[in-house]
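The values are calculated or read from the model by the stated rules, or taken from the named source; none is laboratory data. Note that the coordinates shown come from a computational prediction; the quantities given were computed from them, not determined experimentally. Cβ placement follows ideal geometry from the backbone for every residue including glycine, while neighbour counts extend to all protein chains displayed. Note: accessible area is taken over every heavy atom of the protein model, side chains too, but ligands, DNA and RNA are not part of it. Shrake-Rupley method; radii C 1.70, N 1.55, O 1.52, S 1.80 Å.
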Amino acid sequence: MLFRSKPNWELPESEATPEAMFRDRRRLSKALAAGPLLLAGAPALGLAQRAFAADPDMDPNAGLYPAKRNEAYKMDRALTSEKIATTYNNFYEFGSQKNIWQAAQKMKLRPWEVTIDGMVEKEFTIEADALIKRMQIEERLYRHRCVEAWSIAVPWSGFSLRALVDMARPLSSAKYLVMQTFHDKEVAPGQRQFWYPWPYVEGLTLAEARNELSFICTGAYGKTIAKQNGAPLRLTVPWKYGFKSIKSITRFTFTDKMPKSFWMEIQGAEYGFWANVNPEVDHKRWSQATEKQLGTGKRVPTLLYNGYAEQVADLYKDMKGQQLFM
Ligand code: MTE
């Protein structure tokens, strides 16, 4: 990527401006060059710009989807329907039931600032749209296994978390990446429930964050990711239980201390830092041996590391004695 020579927030105008509008602007410049008769187009452009500013749901990166599929990530089962994946959700900010998808529409996605801070060469803040625009977007088919013993298979689009880590330039002393969700009680009624330790926080070791599977989702089902699935930026680490896959991220912090996640804070004995999927290690209150595949009526055996042992088992080979599977 070509942005190394400039500070991360300094984008050429072609990148900082929504693609369609940029094209319109070029058309306008051509029109202006062609002569005064065509100047009638100018006020219309102003209106278009105002319309964009007024509609925070309009994605200037919508043209990135559907993204080219990365065939390295094979799927061994039918994909879950978009209807199920977008209406059966966990997003405690909007309630502890599965049917929060309508409540989640209250999120305003623009402006959406993302801060990169902590143990990095230089802290900075960037608009989510500008960040997405500079990343290589691709589609990957991933299994998702919730700690509650249900699973889905989703065509996500997004970019590798490793690319974001590289862009952030962490210090060599940094060992963990902590991610944080937005915090706004007006938008998210769940965040008025004071007994939860808001905002939602999750973390990975830097080695995990750099693993090829760690993915920041910006799209799903061939289009921009839905709010209820964690727009505009949602982590997916498919070898771990689903609660590690934090939604609607606003902050990436590099640190040398293992963070305490949202669920560790609530019930550390049941939801640990590692939370790798393992059918042989039961949750304190239920078995993890099998999972209900949503939409199929089937219950199937759960696989070690959710079937991704080949990509991740090495990360943990020297960690005997740690509670890797809860
Ligand atoms: N992220 C935030 N911010 N808040 C949440 O409540 N729930 C987690 C994870 N990410 C959650 C979150 C859990 S428990 C699961 S299983 C997945 O999101 C669910 O993702 P989905 O609704 O897209 O299937």
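Residues checked against (1) free of Cβ contacts under 8 Å to residues at least 60 places away in the same chain; (2) closer than 24 Å to Ser261 by Cα; (3) surrounded by 20 or more Cβ atoms within 10 Å (Cβ to Cβ):
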| site | (1), (2), (3) |
| --- | --- |
| Ile137 | no, no, no |
| Ile152 | no, yes, yes |
| Lys175 | no, yes, no |
| Gly190 | no, yes, no |
| Gln193 | yes, yes, no |
| Tyr196 | no, yes, no |
Residues being in contact with a Lys or Arg (Cβ under 9 Å, 6 or more places away or on another chain) and assigned to a loop (DSSP other than H, G, I, E, B) - total across the range 289-326: 6
Out of all the residues in the range 262-273, which are in contact with a Phe, Trp or Tyr (Cβ under 9 Å, 6 or more places away or on another chain), buried (at least 19 other Cβ atoms within 10 Å of the Cβ) and assigned to a loop (DSSP other than H, G, I, E, B)? Tyr271
So Tyr200 fits all but one of (1) farther than 14 Å from Lys247 by Cα; (2) within 16 Å of the ligand (Cβ to nearest atom); what number is the exception? (1)
Going through the range 120-164 one residue at a time, which ones are in a helix (DSSP H, G or I), touching a helix residue (DSSP H, G or I) at 6+ places or on another chain (Cβ under 6 Å) and under 22 Å from Tyr241 (Cβ atoms)? Leu161
Output yes when any residue across the range 304-323 is open to solvent by 40 Å² or more (accessible area, probe 1.4 Å) and within 15 Å of Arg145 (Cα to Cα), and no when none is. yes
Pairs with Cβ under 6 Å, 6+ apart, first in the range 238-251 and open to solvent by less than 10 Å² (accessible area, probe 1.4 Å), second more than 7 Å from the ligand (Cβ to nearest atom) and acidic (Asp, Glu): Lys244/Glu202; Ile246/Glu202
Looking only at the range 59-78, which residues are in contact with a helix residue (DSSP H, G or I) (Cβ under 9 Å, 6 or more places away or on another chain) and assigned to a loop (DSSP other than H, G, I, E, B)? Asp59, Pro60, Asn61, Asp76
Scope the range 89-127; condition more than 24 Å from Phe254 (Cα to Cα), surrounded by fewer than 19 Cβ atoms within 10 Å (Cβ to Cβ) and aromatic (Phe, Trp, Tyr); matching residues: Trp101
Consider Asp282 carefully, then state whether it is within 15 Å of Trp150 (Cα to Cα) and either within 16 Å of the ligand (Cβ to nearest atom) or open to solvent by 10 Å² or more (accessible area, probe 1.4 Å) (or both). yes
